[in-house]
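Before anything else, here's the structure in question.
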Amino acid sequence: EAEGALEGGVTVSMRLGYRAAVCVSEEEKNEEGDTEGDGGTNLDYREREGKYPGDARVSLLYAGSEERKSDDEDDEDDNMNSKQSKSRPPVALVHNLSKEYVLHSLKTSPLVQRYKLDNNNKNATTKNVRLISLAHNPETQIAAYLISNATTQTTPEKNKGKDAALLSREAREYMKKSLTSAFVGYEQAVRKGYIDGYGVCSNGLSLPEGHDMAMSWRDVLECAVDAFVEVKGGDIRPQEKQENHDQQYQRSSLKVIRLPGNILETRGLDVSKEICSFFGSCHEDDDNANEPSSPPSEEGLHSITDDPDDYHAKQRRKLRKSRNILPKSIQVHVTRPLTAYPFGGTGIESNSSPGLSDNSGLSAPPLYFKKNNSEVDDNGTNKDGGGSSIDATHPIRILDYRIESGPLGREPTMAWTNHHYASHGLRPSSYQPILNAVLSHFDAESILEASRTRELTVEERETLDGCKLLRDMIHDLDASLDDMRSFAAYEEYLMNVAVPLIYGSFEGLDEESAGMLQLFFRAHGMAVRMVVARWTRELLLGGWKRRVGVDEKGRADTGDREKDGGAAVDDAVTKDKDQEKKIAKIWKAYGFGDYRGGYDIPEDFTLQDFALRQILEEEAVRGVVVGCSSPEHALEAMRAADASGVDNGNKKK
């Protein structure tokens, strides 16, 4: 800011919808004197479950506890405070999008307070910070309605399909009512100066239309129109624009639609293009945009082929009539660009719900938090996974990893898995020698030799059994190496299976044996990273085959760029039709939609670099939200943005 690089300030976004809430009975609420205002007697109970209309329990975060009281604690003179100190109520994860909750959350937000403080400088010509609040996962309200109403359906078998469709429509209307309430709160918050605008961050926007949890971006626009009219009291007359005195409608403060999308889950990118087409503008800011870069779509015009009672046709006509209320353009942001979930992370079936608990009782976490022990093989069929599963908790990471690389006998250096593959192949150079050394260390040869001449002691037999178990485990890990698909699933397997097996096999390990096991798991972990990254690349390549070599400096040479002082080498890029068919089956089995032919990924590009560039170059995408757990990740993301060719002053950063 001091260097003038933050022209117009910066934009900060915040998500709102989930909260931790204390679970208390009506009797307990009355005893505590719970109130709806800020004067509640107990701070914890101010965020109790059910305080705001529309509270929907997602899961139980804490089951509560009650300590056993001593005889002395049962005396009549024990006061309420001492009894409270002996018990803690359960705590639930709750979802809410009511206007009451929105305004309460914004009013009490430290971020909003700081925003107001920074922007109250009367001498400033521009705002230092623009604050945008996003309604988080409105589709959770769909699940809440389905769960709470599905058990009341007692219809004949022949009517079940029709009733299920009716229930689904009712659930969507319930969600729209909740989202409209949130938008009313947001519109009021804009007028109060709490925020500059609002938006939606939803996983449901990228799900197929037939999915129970799917949301439509047109529903978001319709809710924004209804909320604006409610707050304005139906007054949408033009207001004079001071600069040139032309007629200008007041518009909704909807600014952002954020949805998942990546080069595997491509539906989110398709939805982004639909939104761009509707507004006729993909990346112009509402505050300073003049006319859209292209004419808006003509959808909503009357057609003789339209059913006048069709829900979608009526919605399109309504949105067309409301264009002067809607913003001139919407910024579309893509989330989790490097993480692809089977079926959007909501389940395996296309009509699966996330398993929200009934608000009437305590319950286990939602179904999509539970591990699915099935894996899809290379033919697109399910098989049991043992540390190699791809599911709702172990998604596909579109990443190359850093591993120790280099020829044997030399000091290893850190290299990306794609560069190591080009130079040394699929296995780390040190993996096989370390594997052989560890197996040799635990062969218990001396004990076997002794068993031929005398009876073994109890301790020797236990050591022999333990060595056999360890060797079997190491053999199994080595044999299953090429089946690994998720490094996170592999780590979970180590923690839940391998480590308990080691501790159960030996009362204690000598320093040398412990060091050998550590060495093996270090090498095996690097080998797993290699296999997982390579499998992910093959999944993305589809049938593309590219010649891989190494130039005179040991760098990966894909043949599509010139060497120092030399001519470019022939690309030698081909397509394998049989491989394409196999990959298409896997895409379908994971719910990624129709296979689109794969990507011709240069071998010297890391997967994350390629994936980010692909999305950044999408005209309909205004920004990409990348999860960065280290400064290096942030720098990688910025380098991908710089290299994507979009730094032209009118697109995203």
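State whether one or more residues within segment 19-26 are at pLDDT 85 or above and farther than 30 Å from LYS255 by Cα. Explain how you work it out, then say what you get.
Step one: list which residues in segment 19-26 are at pLDDT 85 or above, which gives 19-23.
So of that shortlist, the ones also farther than 30 Å from LYS255 by Cα come out as 22-23.
Yes, segment 19-26 has at least one match.
Among the residues of segment 541-573, write down those that are modelled with pLDDT under 80 and either over 17 Å from ASP604 (Cα atoms) or open to solvent by less than 10 Å² (accessible area, probe 1.4 Å) (or both).
Once the filter is applied, which keeps residues that are modelled with pLDDT under 80 and either over 17 Å from ASP604 (Cα atoms) or open to solvent by less than 10 Å² (accessible area, probe 1.4 Å) (or both), segment 541-573 yields THR558, GLY559, GLY565, GLY566, ALA567.
Give ARG427, ARG397 a once-over and let me know the one that is closer than 30 Å to PRO260 by Cβ, open to solvent by 30 Å² or more (accessible area, probe 1.4 Å) and not aromatic (Phe, Trp, Tyr). Even if it seems obvious, please write down each step before you answer.
Numbers: ARG427 fails: closer than 30 Å to PRO260 by Cβ.
Exactly one of ARG427, ARG397 is closer than 30 Å to PRO260 by Cβ, open to solvent by 30 Å² or more (accessible area, probe 1.4 Å) and not aromatic (Phe, Trp, Tyr), namely ARG397.
Still on this structure, please answer the following. Hey, among the residues in segment 390-419 that are assigned to a strand (DSSP E or B) and in contact with a Pro (Cβ under 7 Å, 6 or more places away or on another chain), which one's nearest to PHE343 (Cα to Cα)? Can you show your working first?
Taking segment 390-419 and keeping what is assigned to a strand (DSSP E or B), we get 396-397, 402-405, 413-416.
From what is left, the residues that are in contact with a Pro (Cβ under 7 Å, 6 or more places away or on another chain) are 403-405.
Details: ILE403: 31, GLU404: 34, SER405: 36 Å.
By that ranking, first place goes to ILE403.
Okay, next question. Scan segment 438-455 for residues that are in a helix (DSSP H, G or I) and either among the β-branched types (Val, Ile, Thr) or more than 52 Å from the chain's Cα centre (by Cα) (or both) and jot them down.
Of all residues in segment 438-455, those in a helix (DSSP H, G or I) come to 438-441, 445-451.
Hits for segment 438-455 are VAL438, SER446, ILE447, LEU448, GLU449, ALA450, SER451.
Still on this structure: Pick from GLU538, GLU491, GLU507: which is under 35 Å from the mean Cα position of the chain (by Cα) and open to solvent by 60 Å² or more (accessible area, probe 1.4 Å)? Even if it seems obvious, please write down each step before you answer.
Details: GLU538 fails: open to solvent by 60 Å² or more (accessible area, probe 1.4 Å); GLU507 fails: under 35 Å from the mean Cα position of the chain (by Cα).
Exactly one residue qualifies, and that residue is GLU491.
Turning to a different aspect of this structure: Of the residues that make up segment 456-473, is at least one within 16 Å of MET526 (Cβ to Cβ), among the hydrophobic types (A, V, I, L, M, F, W, C) and surrounded by 15 or more Cβ atoms within 10 Å (Cβ to Cβ)? Spell out the reasoning first.
Taking segment 456-473 first, the residues within 16 Å of MET526 (Cβ to Cβ) are none.
No: segment 456-473 contains no residue that is within 16 Å of MET526 (Cβ to Cβ), among the hydrophobic types (A, V, I, L, M, F, W, C) and surrounded by 15 or more Cβ atoms within 10 Å (Cβ to Cβ).
Which residues, counting only those in segment 300-350, are modelled with pLDDT under 85 and loosely packed, with under 14 Cβ neighbours inside 10 Å?
Within segment 300-350, LEU301, HIS302, SER303, ILE304, THR305, ASP307, PRO308, ASP309, ASP310, TYR311, HIS312, GLU349 meet the criteria.
Filter segment 89-127 for residues that are of a type in the set (Lys, Arg) and at pLDDT below 85; which is most open to solvent (accessible area, probe 1.4 Å)? Walk me through it before giving the result.
Initially, segment 89-127 is screened for residues of a type in the set (Lys, Arg), giving 99, 107, 114, 116, 122, 127.
Subset that is at pLDDT below 85: 114, 116, 122, 127.
On the way: ARG114: 138, LYS116: 65, LYS122: 194, LYS127: 89 Å².
Step by step, filter segment 89-127, then rank; the result is LYS122.
OK, next. Taking into account only those residues within segment 621-643 that are touching a strand residue (DSSP E or B) at 6+ places or on another chain (Cβ under 6 Å) and part of a loop (DSSP other than H, G, I, E, B), which is least open to solvent (accessible area, probe 1.4 Å)? Write out each step before concluding.
Quick first cut of segment 621-643, residues touching a strand residue (DSSP E or B) at 6+ places or on another chain (Cβ under 6 Å) only: 621-625.
Add one more test, that the residue is part of a loop (DSSP other than H, G, I, E, B), and what stays is 621-622, 625.
On the way: VAL621: 1, ARG622: 42, VAL625: 54 Å².
The qualifying residue least open to solvent (accessible area, probe 1.4 Å) is VAL621.
For residues that are modelled with pLDDT of 90 or more, exposed (fewer than 14 other Cβ atoms within 10 Å of the Cβ) and part of a strand (DSSP E or B), tally how many sit in segment 243-299.
The total comes to 0.
Find the residue count for segment 574-583, including only residues that are in a helix (DSSP H, G or I) and farther than 14 Å from TYR599 by Cβ. Working first, answer last.
Restricting attention to segment 574-583, the residues satisfying the condition of being in a helix (DSSP H, G or I) are 577-583.
The next check asks that each one be farther than 14 Å from TYR599 by Cβ; those that pass are 577-578, 581-582.
Residues in segment 574-583 being in a helix (DSSP H, G or I) and farther than 14 Å from TYR599 by Cβ: 4 in total.
Yes or no: SER181 in contact with a Pro (Cβ under 9 Å, 6 or more places away or on another chain), within 23 Å of ARG251 (Cα to Cα) and at pLDDT 90 or above? Reasoning before the result, please.
Values: in contact with a Pro (Cβ under 9 Å, 6 or more places away or on another chain): yes; within 23 Å of ARG251 (Cα to Cα): yes; at pLDDT 90 or above: yes.
The answer is yes for SER181.
Moving on to the next point. Take the conditions under 36 Å from the mean Cα position of the chain (by Cα), open to solvent by 50 Å² or more (accessible area, probe 1.4 Å) and at pLDDT 90 or above and apply them to TYR421. Does it pass?
Values: under 36 Å from the mean Cα position of the chain (by Cα): yes; open to solvent by 50 Å² or more (accessible area, probe 1.4 Å): yes; at pLDDT 90 or above: yes.
Yes, satisfied.
Just to verify a result, which residue in segment 34-66, among those that are β-branched (Val, Ile, Thr) and part of a loop (DSSP other than H, G, I, E, B), is modelled with the lowest pLDDT? Working first, answer last.
Kept after step one, since they are β-branched (Val, Ile, Thr), are these residues of segment 34-66: 35, 41, 58.
Now drop any that are not part of a loop (DSSP other than H, G, I, E, B), which leaves 35, 41.
Numbers: THR35: 48, THR41: 43.
In this case the residue turns out to be THR41.
Looking only at segment 145-169, count every residue that is at pLDDT 80 or above, of a type outside the set (A, V, I, L, M) and open to solvent by 70 Å² or more (accessible area, probe 1.4 Å) and tell me the total.
1
Would you mind stating whether ARG485 is touching a residue at least 40 places away in the same chain (Cβ under 8 Å), open to solvent by 30 Å² or more (accessible area, probe 1.4 Å) and touching a Ser or Thr at 6+ places or on another chain (Cβ under 9 Å)? Steps first, answer last, please.
Numbers: touching a residue at least 40 places away in the same chain (Cβ under 8 Å): yes; open to solvent by 30 Å² or more (accessible area, probe 1.4 Å): no; touching a Ser or Thr at 6+ places or on another chain (Cβ under 9 Å): yes.
Criteria not met by ARG485.
Next question. Please specify each residue of segment 481-520 satisfying the condition of being assigned to a helix (DSSP H, G or I) and acidic (Asp, Glu).
Within segment 481-520, ASP482, ASP483, GLU491, GLU492, GLU511, GLU512 meet the criteria.
The values are calculated or read from the model by the stated rules, or taken from the named source; none is laboratory data. What you see is a predicted model; the values in this text were computed from it and never measured. Every residue, glycine as well, gets a Cβ built from its backbone with ideal geometry; the counts of neighbours run over all protein chains shown. Surface areas here come from the heavy atoms of the whole protein model, side chains and all, with no ligands, DNA or RNA. Shrake-Rupley method; radii C 1.70, N 1.55, O 1.52, S 1.80 Å.
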